[in-house]
Amino acid sequence: MRLQTKYILALPLLIFLISLIVFPMAYLWFLSFNNVTFVDLSPSFVGLNNFYSALTSIRGILGPIFFSFKYALISVIIQVPLAIGFALLFNRKFRGKNFFIIIILLPIFTSRVLLGIMGKLMFQEGIGTAAFFVNSVLKPFGLSVSLLSPEFALWSLIILDSILWTPFIFLFVYVALQSLPKEYIEAAAIDGASKFGTFKNIILPYLTPILAIMGIIRFADAFKTFDIIYAVTGGGPGTLTTTYSIRIYENAFVAGDYGLAAAASLLGFFILFVPLMLVLKYTRRKWRR
Amino acid sequence: MKKFLFWFVLILTFIIFTFPVLNTMLIAFKTDADIFSVPPKIIFNPTLSHFEEVLTKGGYSFDKYFINSFAISTISTFILLGLTFFSTYAVARYRVGGGNLPGLMLSLRFLPPILLCIPFYMLFTVIGLLDTVLGIAITHSLINLPIAFLVMLSFVEEIPRSIEEAAILDGCSTGHLLRSIVFPLLKPGLIAVGFISFIFSWNEYLMALVLSSTGAVPITVGAGLFVQSFQVQYGEIAAVVILALIPPLLLAILFRKQIVKGLTMGAIR
């Protein structure tokens, strides 16, 4: 084996990463220090101006970052326990199990923007079945709600998000649960442990590493959310459900202010994603099997 | 009683998770009068008129978007297969990158796509890749690279070293080794990575939205365009969504074993 062969094998990947990550990221930094707009594409140096506007102007990034944070946190808090529940539900033999698992996993392979459109067809007043059901239940109490109104938009989005992403977490928790040695559970049963005791003292500690990693990954993905929310509410009503990604998209491709958008995206990256990456690195090292 | 409760929860779960698709399917097959009826009708005379309308509508080229999606996903899949086949072999066997590459890939997964949208949009304008199938396919390869790399690496690591060592002792060259020994043994991995990349590329929206305007619009962006242009034609909107869902879901069902194995092996390391 010649020494160079291994580098030749890895060379295409290296070229790919340099041209599509290193170079564009460098260009993004360059944009963030310059005034570049749709009207005036020639860059002019403005120092930290873009970062200042990204923090303070009405097209700034702090509000959307706060919303994204809230959205991601609620998603994780709802979806991780739900996924554990489903994994326990499926952790037994019953008729048609494989069929049910396949159907439950299908949302993983569904386009998020299409699911958003489907969500709109559910929540919209006039034709939305979900809107109809909710209002039929509330009618005897003399209430009527709009699922996309400021009060309920966030929760409608969370429900849709959970339909899409709980299966993804479920898959990994379920596979981990399958690898738990049956002897542990049997031994606990012989010792007279209750079902809840077995869950708390054996199953949950065994699942902790995968739950931690899935929680972090899901949080990061939920924070990035664009497709679903853009399709259902377009960031509204008003700017109530505008996420980090939607605000940057609007700044760059609707308002045409590329410099501001570049600075805003970098700020979000350093406020959130860099710490998350470090947390994940620490978590993986701690539980490396 | 316990058994009853179990099935009740299971069926309820089933209904909730299939509800968006079932609801959309019902709308797609209803006549306009039935769509707007209150309460919503569950039994009705199905019609194919919305599907016909979508496929023939003036000013809306469903077939073009569909073909674009197919082309983008296919090109992106082959780029990824080529990239990951050679690089994961180099990492697994010769520790290229000193064991840091898997971690780097995982960090890449955290990079928000919106961050790269802006430089890609401007750079693609300069080099003429804007609004081309190839340009979008390249960005999809980048987005799916972390998962494809990690899945492929897990499959390469499963191949027993002894077979390759025997071949090398017999004087087999690296090219020959990769072609006639590693490639056949890695087929399950190539299938898993291939279909995962194809499905995820088909479903991608943000990059395609930013980088396409007329020529290279894929079906996810096309569906969004339909909603914007024909706001209240709910039957047609539902029909577009159902048609766009078919290819990825069909692949996921047909190759579920390989795809699920690949996902669970690769995504968590």
- Taking region A:98-113, which residues are more than 8 Å from every other protein chain (Cβ to nearest Cβ) and surrounded by fewer than 17 Cβ atoms within 10 Å (Cβ to Cβ)? A:N98, A:F99
- Note on the structure: Only one of A:S53, A:S68 is under 19 Å from B:P112 (Cα atoms), among the polar types (S, T, N, Q) and touching a residue at least 24 places away in the same chain (Cβ under 8 Å), namely A:S68
- When region A:69-80 is checked residue by residue, the ones that are within 14 Å of chain B (Cβ to nearest Cβ) and closer than 19 Å to A:I203 by Cα are A:Q79
- Task: State which residue pairs qualify: first residue on the phi < 0 side of the Ramachandran plot and inside region A:193-219, second residue modelled with pLDDT of 90 or more and of a type in the set (F, W, Y) in any location, beta carbons under 6 Å apart, and separation of 6 or more residues or different chains.
- Result: A:I210/A:F172; A:M214/A:F172
- Filter region B:98-107 for residues that are more than 7 Å from every other protein chain (Cβ to nearest Cβ) and touching a helix residue (DSSP H, G or I) at 6+ places or on another chain (Cβ under 6 Å) and give the result. B:L101, B:M105
- Contact list, first residue from region B:198-225 and not assigned by TED's automatic domain parsing to the domain that holds B:T77, second anywhere and modelled with pLDDT under 95 and not in a helix (DSSP H, G or I), beta-carbon distance below 9 Å, six or more apart or interchain, is none
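Table: residues versus (1) of a type in the set (F, W, Y); (2) crowded, with 17+ Cβ neighbours inside 10 Å; (3) within 10 Å of chain A (Cβ to nearest Cβ).
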{"site": "B:L186", "(1), (2), (3)": "no, yes, no"}
{"site": "B:F195", "(1), (2), (3)": "yes, yes, yes"}
{"site": "B:G215", "(1), (2), (3)": "no, no, no"}
{"site": "B:S229", "(1), (2), (3)": "no, no, no"}
{"site": "B:P248", "(1), (2), (3)": "no, yes, yes"}
{"site": "B:V260", "(1), (2), (3)": "no, yes, yes"}
- Message: So, in region A:12-35, how many residues would count as being among the β-branched types (V, I, T) and at the interface with chain B (Cβ under 8 Å from one of its Cβ atoms)?
- Response: 1
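The values are calculated or read from the model by the stated rules, or taken from the named source; none is laboratory data. Source: prediction; values computed, not measured. Please note: Cβ atoms are built from the backbone with ideal geometry, for glycine as well, and neighbour counts cover all protein chains shown.
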